[in-house]
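To start, the structure under review is shown below, and the notes come after it.
Every number in this text was worked out from the coordinates using simple rules, so none of it is lab data. Note that the coordinates shown come from a computational prediction; the quantities given were computed from them, not determined experimentally. A quick note on method: Cβ atoms are made from the backbone with ideal geometry, for glycine too, and the neighbour counts reach across all protein chains shown.
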Amino acid sequence: MKSAQMRAVNPDIACAEPPKTAQNPNIPAWARAIADFTPRDGREEAERRAMLALIAQHGDALLRRDFELAHMTSSSIIVSRDRQRTLMAFHKIYQSWAWTGGHNDGEGDFLAVALREAREETGIRTLTPLHDGPASVEVLPVWAHVRRGAWVPSHLHLNVSFLFEADEREPLRIAEDENSAVGWIPVAQLEQYVTEPTMLPIYMRLIGRAND
């Protein structure tokens, strides 16, 4: 899941307390993780608010990738125990080292999707969530592209991100339909591996929260 250029936002903007799911009857139960997420900067507050507005309007349709306007995705940053490395995959379409993640495809459990995608894309088996809930939420624009011979129009990924810890000694494998390499990347050298400049700040922000 990749983004286009994002607007710069003042990180010091105070964020309002997020409304609880029960306050809006149009927010389905599966969106509780988003409704109850506490933003930590102005960007997260604005994008959480936009996500909830789309969820209130379109509901369960957003859980399906065939809803072409936007759909829910779940991603993760995986860090080593010493927090010096992050596990990433080299994405075939975007030709960049990237986090793991994918479409919810009807599943309302964001954590379960993030765990599934991380295991499928890297072969890692043991993953420990570092927080009780999401580490971040993002609205990520995806530009039109060809996937497996089919044209995919531009759309939005309404993304819920998690932080996991894993053991660097566990065996890894590639997912041939998604990536061409998998490996532990030194955090200090991440900008040398990530060729998508709009994604690098997202990765660094999440890695910085690994010790929270």
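Summary table below
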item: Share, in percent, of DSSP beta bridges within the range 21-208 that are antiparallel, nearest 5; result: 75
item: Space enclosed by the convex hull of the alpha-carbon atoms of the range 21-208, per residue, Å³; result: 111
item: Amide H contacts of PHE162 (H built 1.01 Å from N, under 5 Å, at least 5 apart or other chain); result: SER75, SER76, ILE77, ALA135
item: Using θ = phi - 60° and Karplus 6.51 cos²θ - 1.76 cosθ + 1.60, couplings along the range 105-113 (whole Hz; Gly, Pro as x); result: 6, x, 8, x, 9, 5, 4, 4, 5
item: Order of SER154, SER161, SER76 under a 10 Å beta carbon neighbour criterion, fewest first; result: SER154, SER161, SER76
item: Estimated 222 nm signal from helices in the chain, with DSSP H stretches of n ≥ 4 weighted -39500 (n - 2.57), rounded to 500; result: -6500 deg cm²/dmol
item: The chain: relative contact order as a whole-number percent, Cα under 8 Å and 6+ apart; result: 24
